[in-house]
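The values are calculated or read from the model by the stated rules, or taken from the named source; none is laboratory data. This structure is a prediction, so every number in the text was calculated from the model and none was measured. All Cβ positions, glycine included, derive from the backbone under ideal geometry; neighbour counts span all protein chains shown. Heavy atoms of the whole protein, side chains included, go into the accessibility calculation; ligands, DNA and RNA do not. Shrake-Rupley method; radii C 1.70, N 1.55, O 1.52, S 1.80 Å.
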Amino acid sequence: MQTAKYIWMDGKLLKWEDANIHITTHTLHYGNGVFEGIRAYKTKNGLAIFRLKKHIKRLLDSAKIVMIDSPYSYKEIKDAIVTLIKKNEFKNNIYIRPIIYYADGNLGILPSECKVRFSIIAWEWSSLIDKDGLKTGIKAKISSFRRNSINSTMSKAKAVSNYLNSQMSKKEALDCGYDVALLLDDNGFIAEASGECFFMVRNKTLITPPNDNSLESITQDTVIKLAKNMGIKVRRRNITRDEVYICDEAFSTGTAAEITPFYEIDNRVINNSQTGKITKKIQKAYFNLIYGNTLKYNKYLTYIL
Ligand code: PMP
């Protein structure tokens, strides 16, 4: 993993190697913590954080859902992120990971004697899925794991514990020779990928599932806005497994995945293994936006000056 000079921990800037926690940290044992994944891109006007406001709002909402009292306000979190980035003097695109968790105190199930702690990590990072994946696409497998059930977990929270399900499905997909897992919900509809949302195109309409059983994705929201703005018809509705096999185009979206085309799903070839026209249009619009080339959407960028 790429490192950086400093990590922000509970109001202090610590050297990367000094930002450590105790083995009895409650979240490590029982999994109640929330986090965010944010990116900043190197634009011609300097580093710009993509949709920072929305990410901080989702972080605080996640904390509320799992009943963690954030020790910091929206403004304090925003200022801390900006301070950390400036202090690290990054030269390239970065990934930013704020996390709110329970510290050490007691080791019963409830963290009754544990303080809430807050850290922000940021490091230089280009892409989770390699650049070839973005251009030529990846292979998806419908997972044997169902998405976390909404009666057991809470998918609107970007909660640490939700990611066991993500990890198991991703590992299964990779072990079976695929690149990404698509998870169905309890009713058999596509929920999302292990850490991305799903889109498909049928009859020139862009279709993505509602967020009934998935994270309210910021990239998904952005793609819907961009598509509508380009005159592409967008529908949010349930998608079945068999429909995915006969779609005209398919791609995943996420802070990490950006816009990644699928060329195969469960060994059914999509669009002759070519990135489709609508996918390409959306990829282009998305990259223009995040790199600050679309005036209309500059409101989504927080420049580090
Ligand atoms: N679903 C899950 C489970 C995720 O972890 C992510 C990544 N945060 C997404 C969807 C995509 O969300 P976003 O576009 O906000 O990154």
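The set of residues in segment 82-113 being in a loop (DSSP other than H, G, I, E, B) and within 23 Å of the chain's Cα centre (by Cα) consists of Phe90, Lys91, Asn92, Asn93. Taking residues in segment 214-225 that are open to solvent by 20 Å² or more (accessible area, probe 1.4 Å), and partners anywhere that are more than 6 Å from the ligand (Cβ to nearest atom) and small (Gly, Ala, Ser), the pairs with Cβ atoms closer than 8 Å and at least 6 places apart or on different chains are Leu215/Ser155.
Scan segment 156-179 and give yes if some residue there is closer than 23 Å to Arg237 by Cβ and either out of contact with any strand residue (DSSP E or B) (no Cβ under 7 Å at 6 or more places or on another chain) or open to solvent by 40 Å² or more (accessible area, probe 1.4 Å) (or both), otherwise no. Yes, there is a match, as at least one residue in segment 156-179 is closer than 23 Å to Arg237 by Cβ and either out of contact with any strand residue (DSSP E or B) (no Cβ under 7 Å at 6 or more places or on another chain) or open to solvent by 40 Å² or more (accessible area, probe 1.4 Å) (or both).
For segment 259-286, give me each residue that is surrounded by fewer than 22 Cβ atoms within 10 Å (Cβ to Cβ) and within 15 Å of the ligand (Cβ to nearest atom). If the condition is that a residue be surrounded by fewer than 22 Cβ atoms within 10 Å (Cβ to Cβ) and within 15 Å of the ligand (Cβ to nearest atom), then Gln283, Tyr286 are the ones that fit.
Here segment 25-78 is the region considered, the condition is being within 15 Å of the ligand (Cβ to nearest atom) and over 17 Å from Ala157 (Cβ atoms), and the residue that is most open to solvent (accessible area, probe 1.4 Å) is Lys53. Considering segment 1-58, the qualifying strands (runs of 3 or more DSSP E), each wholly inside and each with 1 or more residues that are of a type in the set (Lys, Arg), run over 12-15, 38-43.
Return a yes/no flag: does segment 4-19 have any residue that is modelled with pLDDT of 95 or more, out of contact with any Lys or Arg (no Cβ under 8 Å at 6 or more places or on another chain), of a type in the set (Ser, Thr, Tyr) and more than 23 Å from Ile290 (Cα to Cα). So far as segment 4-19 goes, no, none of its residues is modelled with pLDDT of 95 or more, out of contact with any Lys or Arg (no Cβ under 8 Å at 6 or more places or on another chain), of a type in the set (Ser, Thr, Tyr) and more than 23 Å from Ile290 (Cα to Cα).
A single entry from Ile81, Ile23 fulfils the requirement of being under 19 Å from Thr219 (Cβ atoms) and of a type outside the set (Asp, Glu): Ile81. When segment 49-63 is filtered for residues that are touching a strand residue (DSSP E or B) at 6+ places or on another chain (Cβ under 7 Å) and either of a type in the set (Asp, Glu) or farther than 21 Å from Asn92 by Cα (or both), the ones remaining, listed by number, are Leu59, Ser62, Ala63. When segment 150-163 is limited to residues that are touching a residue at least 60 places away in the same chain (Cβ under 8 Å), in a loop (DSSP other than H, G, I, E, B) and of a type outside the set (A, V, I, L, M), the one that is farthest from the ligand (Cβ to nearest atom) turns out to be Lys156. For segment 100-122, the condition of being within 24 Å of Leu295 (Cβ to Cβ) and at pLDDT 95 or above holds for none of the residues. Of the set (1) out of contact with any Leu (no Cβ under 8 Å at 6 or more places or on another chain); (2) open to solvent by 40 Å² or more (accessible area, probe 1.4 Å); (3) farther than 24 Å from Leu301 by Cβ, all apply to Ala19 but (2). If you take the residues of segment 199-210 that are touching a helix residue (DSSP H, G or I) at 6+ places or on another chain (Cβ under 8 Å) and not hydroxyl-bearing (Ser, Thr, Tyr), which of them is farthest from the ligand (Cβ to nearest atom)? The selected residue is Lys204.
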